[in-house]
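Peer 1: Please find one structure pasted underneath; my questions will follow.
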Amino acid sequence: MSQKLKEKSLSPEVQAAAVGSRAASGSIELSEFDDRIRRALHAAAEKKAIDPTVLDLRGISSFTDFFLIVTGANRRQAQAISDEIVDQLKRHGSPAARVEGYQNAEWILVDYGDFVVHVFDEKARGFYDLERLWREARRLDVSQDDLTRLSSLREK
């Protein structure tokens with residue numbers, strides 16, 4: 001069967017899954033997230049996190065509602081991103097339940113219960129590819145415009 005015929009016979013969702021991307025259905029907005037997730041995004045942006053993405057896992061996961069995924073360019077930046085997120089949320093009454101992988105800093109996991117922050121180095125993010133693994137989740141790739149709107153969370 002030719003590639004074109006295969007593509008025509010598959011639904012858009014199956015085609016998207018086959019190439020590791022998502023169908024365009026079910027978009028989400030930054031305003032749908034609670035202040036803690038927006039604050040974590042803002043903290044990551046302050047430390048120049050790369051490619052912030054939020055996955056909405058409600059309805060497909062029993063252990064958490066959201067993943068916040070970001071990349072640091074190196075070990076020190078990944079640690080600085082996680083430190084800033086932990087510090088800002090703690091100052092606002094939300095201490096992390098646990099932090100794992102901090103010393104190695106290839107994949108730092110910060111658990112807040114109803115959302116989990118994943119701070120990856122570039123190689124680990126590509127290898128584990130959580131966006132593909134959880135492709136059924138609604139996804140928000142956070143743009144620079146979104147981050148600018150988060151500036152209202154900046155402390156004075």
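Peer 1: Using 0.36 nm per residue, how much length does the chain from Lys48 to Glu32 gain when fully extended, once their Cα-Cα distance is taken away?
Peer 2: Stretched fully, the Lys48-Glu32 segment lengthens by 3.5 nm.
Peer 1: Separate question: State, to one decimal in nm, how far the label point of Glu122 lies from the label point of Ser62, with both points 7 Å from Cα in the Cβ direction.
Peer 2: Each label point is offset 7 Å from its Cα along the Cβ direction, giving 3.9 nm.
Peer 1: In units of 2.2 N^0.38 Å, what is the alpha-carbon radius of gyration of the stretch 71-129?
Peer 2: For the stretch 71-129, the normalised Cα radius of gyration is 1.07.
Peer 1: Can you list which of the trypsin sites (Lys or Arg not before Pro) found in the stretch 64-96 are DSSP loop residues with at most 13 other C-beta atoms within 10 Å?
Peer 2: none
Peer 1: About the Cα centre of the stretch 76-116, what is the dipole size in debye to 20, counting +1 per Lys and Arg Cβ and -1 per Asp and Glu Cβ, all else neutral?
Peer 2: With Lys and Arg at +1 and Asp and Glu at -1, about 120 debye.
Peer 1: Give me the Kirkwood hydrodynamic radius of the stretch 20-123 in Å, from all C-alpha pairs, to one decimal place?
Peer 2: For the stretch 20-123, inverting the mean 1/r across all distinct Cα pairs yields 13.9 Å.
No value in this document is a laboratory result; all are computed from the given coordinates. No experiment lies behind these values; they were computed from the predicted model shown. Note: ideal-geometry Cβ built from the backbone for every residue, glycine included; neighbour counts use all protein chains shown.
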